[in-house]
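Novice: Below is one structure. I have some questions about it.
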Amino acid sequence: MASMMVPEVTLNSCDGITMPVIGMGTSSYPRADPETAKAAILEAIKTGYRHFDTAFIYGSEQDLGEAIAEALRLGFINSRSELFITTKLWASFAERDLVVPAIKASLRNLHVEYVDMYIIHWPFKLKEVKSTPVEKEIVQPLDLKSVWEGMEGCKRLGLARAIGVSNFTCNMLQDLLSIAKIPPALNQVEMNPAWQLKNMRKFCKAKGIHVTAFSPLGASGTKWGDDRVLGSDVLQDIAKAKGKTTAQISLRWVYEQGVSMVTKSYNKDRMKQNLDIFGWSLTEEELDKLTHHPQRKGVTFASVLGAHDIVLQIDAQL
Ligand code: A2P
């Protein structure tokens, strides 16, 4: 399934489904025009990326779908099954009867018959069909049982090979596990040396839920990220001593924690560099320095949705 270069992780309770540990993120800021995005994704396939992460709300499903079709035409891949595709249920469709229609809309955008992973994007429901920024008045708690039944329906119908969640707290995962007939395969959360989520990772490991990191580079240069990872003295010093880039040190650290990652670069050299994190490792001393890295969360729901009770509670627990 995956390229020769990238190791894979086997997902629990998913009939042995494997996922390349590095995926290419397709959420860009400012949003890349479709031709740029499509060319970058095609270049990524050529470079060896086999795992792609998109979401209904990113507006990049179409770009990814067109790039995959082109990659097949050009013979970069022989079959769609060589790719691992993740997309996400937008919060406006987070109730039982809206989930299957939502994944079908994503599949149409992607021009594929199934995705490998379908994820609940946010642990809230929005009362209206609305992209960000959203007003706090339309934010509601999730009815977990309802939305997860819809997600399980996607798997049963063969529209998604595996199902998971994103931005879920440990409490939410516990609630989900108590009602799920099919347990979530993974939780996609912000994680990097500057936001290590040790408790979450411990909890997920105990429950057989894989963790995937988003913003493994701190989403530098975007509206929601900053320089807390790539500008870190600790990471920069380790990079200099090892002859690696700061980005590679961060990605390698994530990998050594047993966590997979989705990282975005539409730049040819950087996308290549970001795959080149295997065949070397961090020393005990370097790992120790990174373990004690100052902690600060980058992406908060409050920054997108305002200070709302539900939102603040979730931010505080993530
Ligand atoms: P670009 O697309 O211009 O390369 P994250 O993976 O944490 O979401 O971070 C993505 C951001 O980091 C993007 O702005 C991306 O910009 C930048 N980026 C990705 N790879 C690297 C790298 N190897 N070195 C420096 N910046 C990078």
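The values are calculated or read from the model by the stated rules, or taken from the named source; none is laboratory data. Because the structure is predicted, anything quoted here is derived from the model rather than measured. Reconstructed Cβ throughout: ideal geometry from the backbone, glycine too, with neighbour counts over all protein chains shown.
Novice: Can you pull out the residues in the range 25-42 that are buried (at least 18 other Cβ atoms within 10 Å of the Cβ) and either of a type in the set (Asp, Glu) or farther than 17 Å from Thr222 by Cα (or both)?
Specialist: Lys38, Ala40, Ile41, Leu42
Novice: With the requirement that a residue be closer than 30 Å to His111 by Cβ and small (Gly, Ala, Ser), what does the range 181-205 give you?
Specialist: Ala185
Novice: Sticking with this structure for a sec: Output the residues belonging to the range 222-235 that are modelled with pLDDT of 95 or more and either in contact with a Leu (Cβ under 8 Å, 6 or more places away or on another chain) or within 12 Å of the ligand (Cβ to nearest atom) (or both).
Specialist: Of everything in the range 222-235, those that are modelled with pLDDT of 95 or more and either in contact with a Leu (Cβ under 8 Å, 6 or more places away or on another chain) or within 12 Å of the ligand (Cβ to nearest atom) (or both) turn out to be Val229, Leu230, Gly231, Val234, Leu235.
Novice: Please determine, by comparing only the residues of the range 243-270 that are surrounded by fewer than 16 Cβ atoms within 10 Å (Cβ to Cβ) and among the charged types (D, E, K, R), which one is nearest to the ligand (Cβ to nearest atom). Talk me through it step by step, then tell me what you get.
Specialist: Step one: list which residues in the range 243-270 are surrounded by fewer than 16 Cβ atoms within 10 Å (Cβ to Cβ), which gives 243, 256, 258, 267-270.
Now drop any that are not among the charged types (D, E, K, R), which leaves 256, 268-270.
Values: Glu256: 17, Lys268: 9, Asp269: 8, Arg270: 4 Å.
Checking each candidate, the answer is Arg270.
Novice: Need pairs with beta-carbon distance below 6 Å; first residue closer than 19 Å to Asn167 by Cβ and part of a helix (DSSP H, G or I) and within the range 82-103, second small (Gly, Ala, Ser) and at pLDDT 95 or above; sequence gap 6+ or separate chains.
Specialist: What qualifies is Phe93/Ala102; Val99/Gly150.
Novice: If you don't mind, there's one more thing I want to ask. Being closer than 15 Å to Thr263 by Cα and in contact with a Lys or Arg (Cβ under 6 Å, 6 or more places away or on another chain) is the requirement here; does Tyr58 meet it?
Specialist: No, not satisfied.
Novice: Considering each of Phe84, Phe52 in turn, give the residue that is in contact with a Phe, Trp or Tyr (Cβ under 8 Å, 6 or more places away or on another chain), closer than 21 Å to Ile103 by Cβ and within 16 Å of the ligand (Cβ to nearest atom).
Specialist: Of Phe84, Phe52, the one residue that is in contact with a Phe, Trp or Tyr (Cβ under 8 Å, 6 or more places away or on another chain), closer than 21 Å to Ile103 by Cβ and within 16 Å of the ligand (Cβ to nearest atom) is Phe52.
Novice: Oh, and also: Among the residues in the range 21-42, are any within 16 Å of the ligand (Cβ to nearest atom), charged (D, E, K, R) and touching a residue at least 60 places away in the same chain (Cβ under 8 Å)?
Specialist: no
Novice: Under 7 Å by Cβ, and 6 or more places apart or on different chains, what pairs join a residue from the range 202-215 that is charged (D, E, K, R) with one that is more than 12 Å from the ligand (Cβ to nearest atom)?
Specialist: Note: pairs meeting the criteria are Lys207/Leu173; Lys207/Leu177.
Novice: Mind checking which residues of the range 216-241 are basic (Lys, Arg) and either crowded, with 23+ Cβ neighbours inside 10 Å or touching a residue at least 12 places away in the same chain (Cβ under 8 Å) (or both)?
Specialist: To start, the set of residues in the range 216-241 that are basic (Lys, Arg) comprises 223, 228, 240.
The answer is Lys223, Arg228.
Novice: Let me ask you something else. Give the number of residues within the range 104-128 that are assigned to a loop (DSSP other than H, G, I, E, B) and more than 19 Å from the chain's Cα centre (by Cα).
Specialist: Counting residues in the range 104-128 that are assigned to a loop (DSSP other than H, G, I, E, B) and more than 19 Å from the chain's Cα centre (by Cα) gives 5.
Novice: If you check every pair at least six apart or on different chains, which have Cβ atoms under 8 Å apart with a residue in the range 289-318 that is farther than 21 Å from Met172 by Cβ first and a residue that is hydroxyl-bearing (Ser, Thr, Tyr) and surrounded by 14 or more Cβ atoms within 10 Å (Cβ to Cβ) second?
Specialist: Filtered contacts from the range 289-318: His293/Ser232.
Novice: Output the residue which, of all residues in the range 7-20 that are assigned to a loop (DSSP other than H, G, I, E, B) and crowded, with 21+ Cβ neighbours inside 10 Å, is nearest to the ligand (Cβ to nearest atom).
Specialist: In this case the residue turns out to be Leu11.
Novice: Now a separate question. Please enumerate the residues belonging to the range 282-300 that are in contact with a Lys or Arg (Cβ under 9 Å, 6 or more places away or on another chain) and surrounded by 13 or more Cβ atoms within 10 Å (Cβ to Cβ).
Specialist: Answer for the range 282-300, where residues must be in contact with a Lys or Arg (Cβ under 9 Å, 6 or more places away or on another chain) and surrounded by 13 or more Cβ atoms within 10 Å (Cβ to Cβ): Leu282, Glu286, Gly298.
Novice: Take the residues in the range 149-175 that are within 19 Å of the chain's Cα centre (by Cα) and closer than 23 Å to Ala302 by Cβ, then tell me which one is surrounded by the most Cβ atoms within 10 Å (Cβ to Cβ).
Specialist: Phe168
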